[in-house]
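Single-structure report; data block below.
Since every read-out is calculated from the coordinates, none of them should be taken as a lab result. This structure is a prediction, so every number in the text was calculated from the model and none was measured. Reconstructed Cβ throughout: ideal geometry from the backbone, glycine too, with neighbour counts over all protein chains shown.
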Amino acid sequence: MSEQAQPRILVVDDDPVILRLLQVNFRLEGYEVLTASRGDEALRVAKEQHPDVIVLDVMMPGIDGYEVCRRLKEDPETAAAPVIFLSARAQDADRDRGYALGVVAYVTKPFDPGQLVDVVRRATSADAD
């Protein structure tokens, strides 16, 4: 990826309304947005497209976000991409499990799209440092 290229973000959520909201917000902020609505699709897109950051829902049918994150971090091709969990699960145990898997942030639903953009911006700039 050249330095002038737009940062590439993969947004994964099984709720089409949230997926569309995030897609619009991140595009307005200058990101190239990739989307997936299932865990297996997220793994495939991440491996093929090499996003700079991944925003990942925890509760999804099939492969949940925890398992997707574990697999991303185990794969040398996707391990470096910062993962941000976006979830309605707000218990300390849920957060702890996410951070133990290597997520850089855990944002709970309902969320402020502007704050999520800030979290993603920090994750991508920290990755560039």
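Please build a GNM for the chain, connecting alpha carbons under 10 Å apart, and tell me which residue among A100, A88, A46 fluctuates the most. Evaluated over the chain, the most mobile residue of the options is A100. Every helix of 4 or more DSSP H residues in the chain counts as -39500 (n - 2.57), and over all residues that averages to -14500 deg cm²/dmol at 222 nm.
Computed extension gain for D118 through Y99, at 0.36 nm per residue and net of the alpha carbon distance, reaches 5.0 nm. Kindly identify the stretch 4-67 as rounded, prolate or oblate by the Cα gyration tensor criterion: order the square roots of the eigenvalues as a ≥ b ≥ c, call it rounded if a/c is under 1.5, otherwise compare a/b with b/c, prolate if a/b is larger, else oblate. Verdict is oblate for the stretch 4-67.
Ranked by the mean number of other Cβ atoms within 10 Å of their residues, highest first, the peptides 12-25, 49-62 fall in the order 49-62, 12-25. One entry in (1) 14.3; (2) 15.0; (3) 15.4 is Kirkwood radius over Cα pairs in Å calculated from the shown coordinates; its label is (1).
Computing FRET efficiency as 1/(1 + (r/R0)^6) for A80 and R20, where r is the C-beta to C-beta distance and R0 is 30 Å, gives about 0.60.
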